1. Run down Arg234, Arg258 and say which single residue is of a type in the set (Lys, Arg) and surrounded by 20 or more Cβ atoms within 10 Å (Cβ to Cβ).
2. I'm trying to understand the selection: among the residues of segment 82-112, which are of a type in the set (A, V, I, L, M) and surrounded by fewer than 22 Cβ atoms within 10 Å (Cβ to Cβ)?
3. For segment 277-310, which positions are touching a Phe, Trp or Tyr at 6+ places or on another chain (Cβ under 8 Å) and crowded, with 19+ Cβ neighbours inside 10 Å?
4. Suppose we filter segment 72-119 for residues that are within 16 Å of ligand 2 (Cβ to nearest atom), under 24 Å from Thr10 (Cβ atoms) and of a type outside the set (A, V, I, L, M, F, W, C); how many remain?
5. Can you spot a residue in segment 208-224 that is in a loop (DSSP other than H, G, I, E, B), in contact (Cβ under 8 Å) with a residue 40 or more places away in the chain and loosely packed, with under 13 Cβ neighbours inside 10 Å?
6. Does Val58 qualify as being β-branched (Val, Ile, Thr), in a loop (DSSP other than H, G, I, E, B), away from ligand 2 (no atom under 16 Å from the Cβ) and surrounded by 19 or more Cβ atoms within 10 Å (Cβ to Cβ)?
7. Can you name the condition, by its number, that Cys263 falls short on among (1) free of Cβ contacts under 8 Å to residues at least 40 places away in the same chain; (2) of a type outside the set (Val, Ile, Thr); (3) surrounded by 17 or more Cβ atoms within 10 Å (Cβ to Cβ)?
Amino acid sequence: MVDPFGRAVTYLRVSVTDRCDFRCVYCMAEDMTFLPRRDLLTLEELDRLSTAFVEKGVRRIRITGGEPLVRKNIMHFFRQLSRHLASGALDEVTVTTNGSQLSRFAGELADAGVRRINVSLDTLREDRFRSITRWGDFGKVMDGLDAAQKAGLAIKINAVAVKDFNEDEFDEMIRFAHGRGMDLTMIETMPMGEVGDERHDQYLPLSAVRADLSSRWTLVDSDYRTGGPARYVRIAETGGRLGFITPMSHNFCESCNRVRVTCTGMLYMCLGQDDAADLRAPLRASEGNELIGAAIDEAIGRKPKGHDFVIERQETRGTVARHMSVTGG
Ligand code: SAM
Ligand code: SF4
């Protein structure tokens, strides 16, 4: 699959649910309305869709949400997908999770061939954790990290940089993550969905964070890549990796290799644009994959050049109406 700008699409993100057991302030409003369950694709349908993408050349799949590990019977889905790892058709299946269910599922994820996971964690202070996730239980996430490491999963911590919230904690988070052999990646807030707060109150440009960090740490540029949008440095003092995902302050769309499928079968060609293609109708219209394949080709043919996000004090532009929990970041 090659888009009109010559970018090969080899990476699929599958959001298996829009529901979540947290209500992170930058991601959701507290009183979110979720999709009616009848609109969801079944796990078998999600597997068929994912398989159609694998047949078209996708090499890596990331499972996300909402919180993917709260979807009923989700381990069955991971076990099904693992056949593509066994056959060599897929290089990697990964997951992005808030960590709340990891102590239950880490072992099963590892058994299903998952080797790396991303755990979202914006703070190490229990009271702050509660205020940013609204509903989260910090202790459970810590137990989840322990379980994941015990199961042999490599962990990358993802932290959204939020102004006046966690900017005084980044040193501590670097020490914590690197001290446990985990990578750490920081992410800029993106204007997605109504969350009841002003976006410019949350937005902290990582260019400023990086400049600040480099007054205390030695940041050595690295060409390490995981196929995602993060750019990495190695911190000489810890030996660990620190990534920056900077959709706002430094746009990386020119190297975009991914598309996203939601739990209702909508295919989004760009996280930051509203255009989408319905794959549920072709999926349900026949048992074979021909119709889905044609719909995917047509959609890739209109993958946009990039997002139009801008967050400034005066205004926030390029906003998309759907929440991050719909397409899963
Ligand atoms: N629930 C899982 C989790 O939190 O890891 C997976 C889904 S969550 C939507 C995926 C990632 O998107 C998380 O790392 C989260 O912090 C990030 N995220 C959510 N809303 C965001 C926003 N408006 N801007 C930037 N990142 C956001
Ligand atoms: Fe849930 Fe993840 Fe969104 Fe937080 S960022 S509310 S954990 S989907």
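1. That would be Arg258, the only listed residue that is of a type in the set (Lys, Arg) and surrounded by 20 or more Cβ atoms within 10 Å (Cβ to Cβ).
2. Selection gives Leu85, Ala86, Ala89, Ala110, Ala112.
3. Hits for segment 277-310 are Ile296, Lys303.
4. 4
5. Yes, segment 208-224 has at least one match.
6. Yes, satisfied.
7. So Cys263 meets the others, but not (1).
Only the coordinates and a few stated rules stand behind these numbers; no lab work does. What you are looking at is a predicted structure, and each value in this text was computed from that prediction instead of being measured. All Cβ positions, even for glycine, are placed from backbone atoms using ideal geometry, and neighbour counts span all protein chains on display.
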